[in-house]
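Everything on this sheet refers to the single structure shown next.
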Number of protein chains: 2
Amino acid sequence: MTDRTNWHDAPASVGDAISAIDTPALVIDLDAFEHNLRTVHSRVKDAKVALRAHGKAHKCPDIARIQVAAGAQGVCCQKASEAQVFVEAGITDVLITNEIVGVSKAERVARLARQARIGLCVDAPFHVAQIAHAARTAGSTVEIYIEIDVGQSRCGVHTIDQALELARLIAAEAPSLRFMGLHAYHGASQHIRDPAERSATVLASVDTVRTYIDALAAAGYACAVVTGGGTGTYDLVAASAVYTEVQPGSYVLMDRDYALNHLAPGEAELRQALYGLCTVISVSPTHAVLDGGLKTFAVDSGLPRMVLDGWTVKSISDEHTVITPSGDAPDLQVGDKVRLVPGHCDPTVNLHDWLIALRGQIVENVWPVSARGALF
Amino acid sequence: MTDRTNWHDAPASVGDAISAIDTPALVIDLDAFEHNLRTVHSRVKDAKVALRAHGKAHKCPDIARIQVAAGAQGVCCQKASEAQVFVEAGITDVLITNEIVGVSKAERVARLARQARIGLCVDAPFHVAQIAHAARTAGSTVEIYIEIDVGQSRCGVHTIDQALELARLIAAEAPSLRFMGLHAYHGASQHIRDPAERSATVLASVDTVRTYIDALAAAGYACAVVTGGGTGTYDLVAASAVYTEVQPGSYVLMDRDYALNHLAPGEAELRQALYGLCTVISVSPTHAVLDGGLKTFAVDSGLPRMVLDGWTVKSISDEHTVITPSGDAPDLQVGDKVRLVPGHCDPTVNLHDWLIALRGQIVENVWPVSARGALF
């Protein structure tokens, strides 16, 4: 176990011009970021539900603190190790919107619950027993949400009977565990392009959620919180009169995939705030080559998109992106810097140690992606 | 600039059983790793060319040292920041098989050249001027390779005249720069499935390379080194009588994409050595869910493949992989651990801080991925 290298130095300093940023880097347009923050927080506030910002999108305590200062109830994350980063950064209310399995993970969550409000999802008796044991040992109380599958076909219980059994098991573990309510998230619905179809999927989820709430209430288990919804559906979910909390994450950054959603009338337009900044390292008669590739941009939702008109991303490989010009494309020279819109913000941010926050052309802040690589 | 978090703790300790490894994690089957190392190094040695192991695949100084101990001339990498990690780990001969652009990058390379042999590629006068200035200032000598495009359509010069101009510019910068020869790599040819077609592509590249060598020699610029070839073509390139060095990287780890190549008669079979280890976190009547997703596996070359017969990867999202059973699939329970073959090893390793080296079922070593995220 040698050569443990710490983080790479930041690619820019506060006050730098864009031209001084080392590349490839991720930059944030703060004007767009703040527009998105104001827009989503005010609409959720008007709907009288809570907003719990999803930290899995940015993994960045500085952004989490801005979201809390702008009215977020707290943050969500997906991993025990992410929760630790946010709690150590002073976030006092963290919900892990996922099941965790592993003694060290459960022990970590139980320890964190001595310092902050910590929520965790379960969908099987195994999860309840594991976190109950850890919380008992740590002398803490962990807030438990039953995850229900509302059409995502991933985690979550599928029957009312399963939910009732879990509620009984959770109640039996008081005060180590406290039953809070339901986690009901439909990830795929975030990316349905047609607004009517997107709305229909959310309404179907809401109907399912309501049957669980009613059955649990009839058995004496009141759901204080029902949480779900993301950047593509937060306003529909907020208006449902069933959910008490929404969990948008990508909204502050945005990406190419979300930009492909069509908006319903009255739906708020969010602006692209996250960009990859790359340098042209090679130019040929047919193409130019950029210094960022698959280790700079996640491509699970498609290739990044060039911002500069006339140039198109042709291909991407480990360390390079090849771009090709149309007839009227401006010339590019070795050393020129260009911006690209990532295909999918969450796994793209996870490739980087730093986010460079720009006000116009000047670096206003340099934020570490402290939970990058927090897999456990 | 707060909350700068260091690396996440290692998911295992030496001597642990597989069952004790925290997940998701990357594990290496050391028997397969050593088989691949022996096989490729002995074949390259028999062909009387040098082997320079590509460190971009593993980003791990421990593996680089094993490769050098097994006869590698040194390592390749793609970034100045990767070169620094390898030099600081004691590797004394590093070739950056890429163009770099940026004053801080050139200064870093020039500084490293005071401690180790450092090679760098160029394909434009800009690159020569930039590294010459930095090397002059640092008082070091950087070894320069002209990159030629042999069909990859990425970086590299396209004409003999370009190469001659660069050779003149490099020679004029002695002793800060030393002209070494040619870098001629055809990335796409590594993954051509049909061996005859793969061979034809390599032979075409070799013909191109020969014309450059001859033209440069006629002008007084002898190519001491001609370097290229990867895991899919190293034996063809080694047998070319034109290349003096091959650069395989993936060969020690392997991945799903390389396994799809068909072998020519007599071509050595390499074994899968790299696996993702995941835990089942949720089970339903139709599927099971694993605790690693897009932040554990790069999917640019396809989804990871389950090792356990009867289970197939259905989909992957940020934090989850959903697997589905065939009729005779063994039962999986929450808490079970399963292995998957990543689609593409290089960007997958870049998602992880640690590689867990297994001898059979026991952790024999825990290696930091020290150059993970080294983008600059």
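The values are calculated or read from the model by the stated rules, or taken from the named source; none is laboratory data. Worth saying up front: this structure is predicted, and the values here are computed from it rather than measured. When we count neighbours, we look across all protein chains shown, and the Cβ atoms used for this are built from the backbone with ideal geometry, even at glycine.
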Out of the residues in region B:166-203 that are in contact with a helix residue (DSSP H, G or I) (Cβ under 8 Å, 6 or more places away or on another chain), among the aliphatic types (A, V, I, L, M) and assigned to a strand (DSSP E or B), state the one that is surrounded by the fewest Cβ atoms within 10 Å (Cβ to Cβ).
B:Leu177
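Would you confirm, using the coordinates I've provided, whether B:Ile281 is surrounded by 19 or more Cβ atoms within 10 Å (Cβ to Cβ) and touching a residue at least 40 places away in the same chain (Cβ under 8 Å)? Steps first, please.
Values: surrounded by 19 or more Cβ atoms within 10 Å (Cβ to Cβ): yes; touching a residue at least 40 places away in the same chain (Cβ under 8 Å): yes.
Yes: the conditions hold for B:Ile281.
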Being in contact with a strand residue (DSSP E or B) (Cβ under 6 Å, 6 or more places away or on another chain), closer than 21 Å to A:Leu26 by Cα and at pLDDT 95 or above is the filter here; which residues of region A:223-273 pass it?
A:Gly249, A:Leu253, A:Gln272, A:Ala273
With respect to the numbered conditions (1) out of contact with any Ser or Thr (no Cβ under 9 Å at 6 or more places or on another chain); (2) of a type in the set (A, V, I, L, M); (3) within 24 Å of A:Gly229 (Cβ to Cβ), which one is the sole condition not fulfilled by A:Val142?
(1)
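Before we move on, is A:Leu95 closer than 16 Å to A:Gly181 by Cβ, aliphatic (A, V, I, L, M), at pLDDT 95 or above and surrounded by 19 or more Cβ atoms within 10 Å (Cβ to Cβ)? It would help to see each step written out before you state the result.
Values: closer than 16 Å to A:Gly181 by Cβ: yes; aliphatic (A, V, I, L, M): yes; at pLDDT 95 or above: yes; surrounded by 19 or more Cβ atoms within 10 Å (Cβ to Cβ): yes.
So A:Leu95 fits the description; yes.
Scanning for something surrounded by 24 or more Cβ atoms within 10 Å (Cβ to Cβ), within 11 Å of chain B (Cβ to nearest Cβ) and not acidic (Asp, Glu), does region A:239-249 turn up at least one residue? It would help to see each step written out before you state the result.
Of the residues in region A:239-249, the ones surrounded by 24 or more Cβ atoms within 10 Å (Cβ to Cβ) are A:243, A:246-249.
Going one step further and asking which of them are within 11 Å of chain B (Cβ to nearest Cβ), we end up with A:249.
Within this subset, residues satisfying the condition of being not acidic (Asp, Glu) are A:249.
Checking region A:239-249: at least one residue is surrounded by 24 or more Cβ atoms within 10 Å (Cβ to Cβ), within 11 Å of chain B (Cβ to nearest Cβ) and not acidic (Asp, Glu).
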Over region B:205-218, the set of residues surrounded by 14 or more Cβ atoms within 10 Å (Cβ to Cβ) and touching a residue at least 40 places away in the same chain (Cβ under 8 Å) is B:Ser205, B:Thr208, B:Val209, B:Tyr212, B:Ala215, B:Leu216
Among the residues that make up region A:306-315, is at least one of them within 11 Å of chain B (Cβ to nearest Cβ) and either surrounded by fewer than 23 Cβ atoms within 10 Å (Cβ to Cβ) or of a type in the set (A, V, I, L, M) (or both)?
yes
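In region B:320-343, how many residues are among the aliphatic types (A, V, I, L, M), at the interface with another protein chain (Cβ under 8 Å from one of its Cβ atoms) and buried (at least 20 other Cβ atoms within 10 Å of the Cβ)? Steps first, answer last, please.
First, pick out the residues of region B:320-343 that are among the aliphatic types (A, V, I, L, M): B:322-323, B:329, B:332, B:334, B:338, B:340-341.
Keeping just the survivors that are at the interface with another protein chain (Cβ under 8 Å from one of its Cβ atoms) gives B:322, B:334.
After this cut, where a residue has to be buried (at least 20 other Cβ atoms within 10 Å of the Cβ) as well, the list is B:322.
So the count comes out to 1.
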Could you grab me the full set of residues in region B:291-305 that are in contact with a His (Cβ under 7 Å, 6 or more places away or on another chain) and within 7 Å of chain A (Cβ to nearest Cβ)?
B:Ala298, B:Asp300
Checklist (1) of a type in the set (D, E, K, R); (2) surrounded by 24 or more Cβ atoms within 10 Å (Cβ to Cβ); (3) in contact with a strand residue (DSSP E or B) (Cβ under 6 Å, 6 or more places away or on another chain) applied to B:Lys295, failing item
(3)
Suppose we filter region B:139-156 for residues that are more than 14 Å from every other protein chain (Cβ to nearest Cβ) and assigned to a loop (DSSP other than H, G, I, E, B); how many remain?
3
Condition first: under 15 Å from B:Ala47 (Cβ atoms) and surrounded by fewer than 22 Cβ atoms within 10 Å (Cβ to Cβ). Can you find one or more residues in region B:220-230 that meet it?
no
Quick check: anything in region B:328-339 in contact with a Pro (Cβ under 6 Å, 6 or more places away or on another chain) and in a strand (DSSP E or B)?
no
Any idea which residue in region B:14-58 is surrounded by the fewest Cβ atoms within 10 Å (Cβ to Cβ), counting only those that are among the charged types (D, E, K, R) and within 25 Å of A:Lys79 (Cα to Cα)?
B:Asp16
So, in region A:344-376, exactly how many residues are within 11 Å of chain B (Cβ to nearest Cβ) and not in a strand (DSSP E or B)?
18
Taking into account only those residues within region B:250-290 that are touching a Phe, Trp or Tyr at 6+ places or on another chain (Cβ under 7 Å) and within 13 Å of another protein chain (Cβ to nearest Cβ), which is farthest from B:Thr324 (Cα to Cα)?
B:Ser250
Report, by residue number, each residue of region A:153-165 that is touching a helix residue (DSSP H, G or I) at 6+ places or on another chain (Cβ under 6 Å) and surrounded by 20 or more Cβ atoms within 10 Å (Cβ to Cβ).
A:Val157, A:Ala163
Taking the condition within 14 Å of chain A (Cβ to nearest Cβ), over 15 Å from the mean Cα position of the chain (by Cα), surrounded by 19 or more Cβ atoms within 10 Å (Cβ to Cβ) and assigned to a loop (DSSP other than H, G, I, E, B), does B:His8 pass?
yes
